[in-house]
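Contents: one structure, followed by commentary.
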Amino acid sequence: MLDDDALNNYRTAGSIAAKIRGEAKKIVKEGTPLIKICETLEKKIISDGGKPAFPLNISVNDVAAHYTSPPDDTTRIPSKALVKVDIGVHVNGFIADTASTVSVGKVGLELIKASELALENALKFIKHGVKSSQIGEIIEKTIKEFGFKPISNLTGHLLDQYNLHAGKSIPNVKTIIGFTLKEGEVYAMEPFSTTGAGIVEDSKYSYIFRLASQKTSDQFLSYITHQFRTLPFASRWLSPKFSKKRVQEFIKKYVLTGTIQAYPVLVERERGVVSQAEHTFIVKKNGCEVTSA
């Protein structure tokens, strides 16, 4: 069970994340540079009393997840697009993870409804003792009723202090094997709906990384440990301390040794358009508390 400090931190992080989600809907406009959106919202998280739990993800159209602006990104929001804004906030390591999809040019509105209603229906079902397979079945059924597909190889995830993926995953499709949710656990649940195949694959680009091992240390790794612990970070976050060239050299070196984990940008296999909705919740005996509402 959560103690009072942990509970308060989760709630504070959730409140900040909800506010940032609202801000995102205001600034995601045609022609806006993606890097401006990332940096504006990340700074807003800090000014509101939290810290980014991961780099702001801003994924456009067939990009499903893990895109954040690299240094000197010149990409802008196109005239017609579905833009997923995935926001992570932590307070003393206690995380809120939330996302919404913005339609630019009034496209994909039904696709957005599919992911949002899937999340809403699943949250109504959450309580102590519910099986993860049952949740996946609700999400899959809801999205398919709109004529779309859920993304089967993306999942929700258990949260813990300074741990974004704490070992349990909530599926977006019905599964044969599952686990039981327990009172006091904290999860992020994130249905993805798509016009494509319902599967994502790695692209060749990675702009988000995480410290995976602390067996060795130098100035670069010590800085990462101090600033981010084992939470994900963006390569552009390192530019105030190290040159762009040095960052590239360090990251390449430590990804090869397994010291740093890379998160490739994820794209829909058939290049279908993708929508995402996400909330963080605490499992209760007879329901759940959505911290990021």
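The values are calculated or read from the model by the stated rules, or taken from the named source; none is laboratory data. These numbers come from a predicted model, not from an experiment. In this analysis, Cβ positions are derived from the backbone assuming ideal geometry, glycine residues included, and neighbour counts consider all displayed protein chains.
Listing for the model above:
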{"read-out": "Tally, over the range 235-273, of residues that are touching a helix residue (DSSP H, G or I) at 6+ places or on another chain (Cβ under 8 Å) and either part of a strand (DSSP E or B) or of a type in the set (Val, Ile, Thr) (or both)", "value": "7"}
{"read-out": "Set 156, 147, 184, 178: member being surrounded by fewer than 22 Cβ atoms within 10 Å (Cβ to Cβ) and either polar (S, T, N, Q) or closer than 28 Å to residue 52 by Cα (or both)", "value": "184"}
{"read-out": "Criterion: farther than 30 Å from residue 71 by Cα, over 19 Å from the mean Cα position of the chain (by Cα) and in contact (Cβ under 8 Å) with a residue 40 or more places away in the chain - qualifying residue of 138, 143", "value": "143"}
{"read-out": "Close pairs (6 angstrom Cβ cut-off, 6 or more residues apart or separate chains): over 12 Å from residue 17 (Cα atoms) in the range 37-51, assigned to a loop (DSSP other than H, G, I, E, B) and of a type in the set (A, V, I, L, M, F, W, C) anywhere", "value": "38/56"}
{"read-out": "Conditions (1) more than 20 Å from residue 237 (Cβ to Cβ); (2) at pLDDT below 95; number of the one not met by residue 79", "value": "(2)"}
{"read-out": "Test for residue 129: is it of a type outside the set (A, V, I, L, M) and in contact with an Asp or Glu (Cβ under 7 Å, 6 or more places away or on another chain)", "value": "no"}
{"read-out": "Qualifying position, being within 18 Å of residue 199 (Cβ to Cβ), in the same structural domain as residue 285 (by TED's automatic domain parsing) and among the hydrophobic types (A, V, I, L, M, F, W, C), among 166, 122, 118", "value": "118"}
{"read-out": "Elements of type strands (runs of 3 or more DSSP E) contained in the range 60-167, each with 1 or more residues being of a type in the set (Lys, Arg) and out of contact with any His (no Cβ under 6 Å at 6 or more places or on another chain)", "value": "81-91"}
{"read-out": "Residue within the range 148-156 that is under 15 Å from the mean Cα position of the chain (by Cα), farther than 20 Å from residue 272 by Cα and not aromatic (Phe, Trp, Tyr) present", "value": "yes"}
{"read-out": "Hits in the range 8-23 (condition: crowded, with 22+ Cβ neighbours inside 10 Å and among the hydrophobic types (A, V, I, L, M, F, W, C))", "value": "13, 16, 17, 20"}
{"read-out": "Close pairs (9 angstrom Cβ cut-off, 6 or more residues apart or separate chains): without any contact (Cβ under 8 Å) to a residue 40 or more places away in the chain in the range 106-117, among the polar types (S, T, N, Q) and assigned to a helix (DSSP H, G or I) anywhere", "value": "117/142"}
